[in-house]
Amino acid sequence: MRHLGTQVLETERLILRPMTTGDAIPMFETWANDPQVTCFLRWEPHKDWLETAQLLAAWEALYQNPDYYQWAVCLRGTDSPFGSISVMEGEEQDSACWHAPGLDHSAGVWEAGYCYGRAFWGKGYATEALCAVRDFWFREVGGPWLACCHAAENPASGRVMEKAGWVWDHDSLYHKFDGTPVACRCYVNRNPNF
């Protein structure tokens, strides 16, 4: 794989770009403070925009790393994010969880993840952004496959993955940052060039 870091990606309706601390208020107000958005994520809703700003400052510092992938998702013609999407390397033990025959684990397990403000659900934006990240990962980075998981109680996220070409691989558990276990469904998408 050839890690390139977070590059600006464009689709018909969206621009995906690196996040900045200047995104703290829209991120907080649009999705980070909303318990309905964060209920299926590992983290709890943010208490105030300063908590969001601290997280974004930490993310900004990581953009210098060529293997760091974290995007703000914005509608074309605006610069205000309504969600985020990322690709992150999983833990070493994650490799043993993936059962699909022929998966090359030599580059690790890389997983896409996303969240969006409720006002933007059901409009196809999540699928559009996930397809853009998938294409970047396969064509530019050269990853052989990409994982994606969702809470079992959030089947809408599974439909997004399926529309973007992911195929169910197995059911598992992940843990929120406070240790709470969450049943999840895990999907894989293979690079057609491998």
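Would you check if residue 122 is part of a loop (DSSP other than H, G, I, E, B), at pLDDT 95 or above and within 21 Å of residue 158 (Cβ to Cβ)? Walk me through how you get there before you give the answer.
Values: part of a loop (DSSP other than H, G, I, E, B): yes; at pLDDT 95 or above: yes; within 21 Å of residue 158 (Cβ to Cβ): yes.
Judged against the criteria, residue 122 is a match.
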Within the stretch 7-33, can you find the residues that are in a helix (DSSP H, G or I) and hydroxyl-bearing (Ser, Thr, Tyr)?
-> 21, 30
Can you name the residue in the stretch 34-52 that is assigned to a helix (DSSP H, G or I) and crowded, with 18+ Cβ neighbours inside 10 Å and is also modelled with the lowest pLDDT among such residues?
-> 37
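Kindly indicate which of 31, 59 is touching a residue at least 60 places away in the same chain (Cβ under 8 Å) and either crowded, with 19+ Cβ neighbours inside 10 Å or closer than 29 Å to residue 140 by Cβ (or both). Walk me through it before giving the result.
On the way: 59 fails: touching a residue at least 60 places away in the same chain (Cβ under 8 Å).
The match here is 31.
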Quick one: which of 100, 107, 72, 112 is within 14 Å of residue 147 (Cα to Cα), at pLDDT 95 or above and of a type outside the set (Phe, Trp, Tyr)?
-> 112
Residue, nearest to residue 13 (Cα to Cα), within the stretch 53-86, restricted to residues that are in a strand (DSSP E or B) and hydrophobic (A, V, I, L, M, F, W, C) = 75
Take the residues in the stretch 174-184 that are part of a loop (DSSP other than H, G, I, E, B) and without any contact (Cβ under 8 Å) to a residue 12 or more places away in the chain, then tell me which one is farthest from residue 122 (Cα to Cα).
-> 179
Counted residues, the stretch 126-173 - those being over 27 Å from residue 65 (Cα atoms), touching a residue at least 60 places away in the same chain (Cβ under 8 Å) and surrounded by 14 or more Cβ atoms within 10 Å (Cβ to Cβ) | 6
Which residue out of 114, 187 is outside any loop (DSSP other than H, G, I, E, B), under 14 Å from the mean Cα position of the chain (by Cα), closer than 20 Å to residue 12 by Cβ and not acidic (Asp, Glu)?
-> 114
Please specify each residue of the stretch 62-78 satisfying the condition of being closer than 21 Å to residue 117 by Cα, touching a residue at least 24 places away in the same chain (Cβ under 8 Å) and of a type outside the set (D, E, K, R).
-> 69, 70, 71, 72, 73, 74, 75
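For the stretch 82-93, give me each residue that is of a type outside the set (A, V, I, L, M) and either under 22 Å from residue 146 (Cβ atoms) or modelled with pLDDT under 95 (or both).
Let us first name the residues in the stretch 82-93 that are of a type outside the set (A, V, I, L, M), namely 82-84, 86, 89-93.
Within the stretch 82-93, 83, 84, 86, 89, 90, 91, 92, 93 qualify.
The values are calculated or read from the model by the stated rules, or taken from the named source; none is laboratory data. A quick note: this is a predicted structure, and the numbers were derived from the prediction, not measured. Because the Cβ atoms are built from the backbone with ideal geometry, glycine has one as well, and the counts that use them run over all protein chains shown.
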